[in-house]
1. Quick one: in segment 229-256, which of the residues that are without any contact (Cβ under 8 Å) to a residue 24 or more places away in the chain and within 16 Å of Val275 (Cα to Cα) is surrounded by the fewest Cβ atoms within 10 Å (Cβ to Cβ)?
2. Going through segment 78-114 one residue at a time, which ones are outside any helix (DSSP H, G or I) and either without any contact (Cβ under 8 Å) to a residue 40 or more places away in the chain or among the basic types (Lys, Arg) (or both)?
3. Might you let me know whether segment 304-312 holds any residue that is surrounded by fewer than 14 Cβ atoms within 10 Å (Cβ to Cβ) and closer than 24 Å to Arg73 by Cα?
4. Taking segment 175-230, which residues are among the hydroxyl-bearing types (Ser, Thr, Tyr) and within 22 Å of Tyr126 (Cβ to Cβ)?
5. Of everything in segment 187-228 that's assigned to a helix (DSSP H, G or I) and free of Cβ contacts under 8 Å to residues at least 12 places away in the same chain, which residue is surrounded by the fewest Cβ atoms within 10 Å (Cβ to Cβ)?
6. For segment 147-156, what are the residues that are surrounded by fewer than 20 Cβ atoms within 10 Å (Cβ to Cβ) and within 19 Å of the chain's Cα centre (by Cα)?
7. Which of the residues that make up segment 378-407 are in contact with a helix residue (DSSP H, G or I) (Cβ under 8 Å, 6 or more places away or on another chain) and not hydrophobic (A, V, I, L, M, F, W, C)?
8. Please work out if Arg319 is within 30 Å of Glu270 (Cβ to Cβ) and at pLDDT below 95.
Amino acid sequence: MPEIATGPGNLKSLVLGQQDAADLDVEHELPSELMTVNMGPSHPAMHGTVRIVLTVDGERIVKGDVQPGYLHRCFEKESEYATYTQVFPYTDRLNYVSPMINNVGWAMAVEKLLGIGKEIPRRAEYVRVIVSEVSRITDHLTCVGASAMELGAFGPFLFFLKSREWLYTLLEEVSGARLTHTYVRVGGVAKDLPDGWMPKLLRRLDEIDGVMVEVETLLNNNKIFRDRMAGIGAFSREDTIRWGCTGPIARAAGVDYDVRKDHPYSVYPELEFDVPVGTTGDCLDRYLVRVEEIKQSMRILRQACAQIPDGPVMIDDPRCALPPKTDAYNTIESMIRHFKHIVDGIRVPAGEAYTFVEGGNGELGFFIVADGTGRPYKAYCRSPSFVHLATTQKLILGHLIADIVPIFGMINMIGGECDK
């Protein structure tokens, strides 16, 4: 029996036949064609309504057309038909992962127009800071937990969502709602913190400290996690400034900017905290910045709980302050005042004002044009998610399709802020 040669070409000819083997030999010389594929909106990593129309060369992204889609929120147009107080529930639905911060930003804009920004009771300012920082933590817990889960790390996702539920339960005790907390009001907050609430918050913070150790142990030196994050979606410091990025995305690229430090508001000047800044601007640094910001928010909360003074939580001015609910239910004068504030609106002097706060994703601003009536003539929201979503097209170029998942996750796009 003749000996069979075992070289690669001979084996292919033996198994596939002469013609098929020839086709395989010249396959790499054939010109390849670009392909257009959809990623989202039904893709689980595309968060809601977002669709990216990708042009790919194999797995490599050549072009990406990012389409936010529609949630039909219409915040800015709806605000023209609502009184200043009625707009608060609309702000809840912007970044619905950290709604208390949205409440504070809108209240500060109206208070600036009214000229009462410096008259807000100190206890109310501390309460605003406390609920804002709890909301910031829930925002970062959601972002990091969901992004880790999308890369296959299901344990950290469960640990962080458990921690988020602890905080959501506390915010529900304050506002009566689990997610959309319409709690802040023009002139203060709707009501004081419940009795015994702050000790419960401090106990939860101690428990979250332990969860942070667990999650960092699982992720920080995990080879798969680091390989999927390090060097992916990197943005230079110059590019983040050019695109108007703020928050964790800008800080991860080395931009040391935080509204709470650079344009202090409320009682933040009385609280000590650090602003974490990265160097590489990639997905890994965005993750590390958010983790450190959780720790700094807990540091702020412990100080605020120790320093909060006694006193009222609403300005003593019937022209802009809603009466207590018990009074509205039991006296005709308070009921009429409540009705006038809600239906006719607080009479805000004609003018325009812009205020901005440090939201979960960066600078969150509200610009209001007032015409002297009880409703805004125009309202505009500088929503960080919408600004950052615009960078997606640049960030994903040259990467693989699989890299879109961590890039998009670390941008932390919240649909309610994008559909304006």
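1. So, considering only residues that are without any contact (Cβ under 8 Å) to a residue 24 or more places away in the chain and within 16 Å of Val275 (Cα to Cα), the one surrounded by the fewest Cβ atoms within 10 Å (Cβ to Cβ) is Asp256.
2. Once the filter is applied, which keeps residues that are outside any helix (DSSP H, G or I) and either without any contact (Cβ under 8 Å) to a residue 40 or more places away in the chain or among the basic types (Lys, Arg) (or both), segment 78-114 yields only Arg93.
3. No, segment 304-312 has no match at all.
4. Matches in segment 175-230: Ser175, Thr182, Tyr183.
5. Among residues in segment 187-228 that are assigned to a helix (DSSP H, G or I) and free of Cβ contacts under 8 Å to residues at least 12 places away in the same chain, the one surrounded by the fewest Cβ atoms within 10 Å (Cβ to Cβ) is Lys223.
6. Residues satisfying the conditions are Met149, Glu150.
7. Lys378, Tyr380, Ser383, Pro384, Ser385, His388, Thr391, Thr392, Lys394, His399, Asp403, Pro406
8. So Arg319 passes the test.
The values are calculated or read from the model by the stated rules, or taken from the named source; none is laboratory data. Bear in mind that the values here come from a model prediction, so they are computed numbers and not experimental data. Methodologically, a virtual Cβ is constructed for each residue, glycine included, from the backbone with ideal geometry; neighbour enumeration extends over all protein chains shown.
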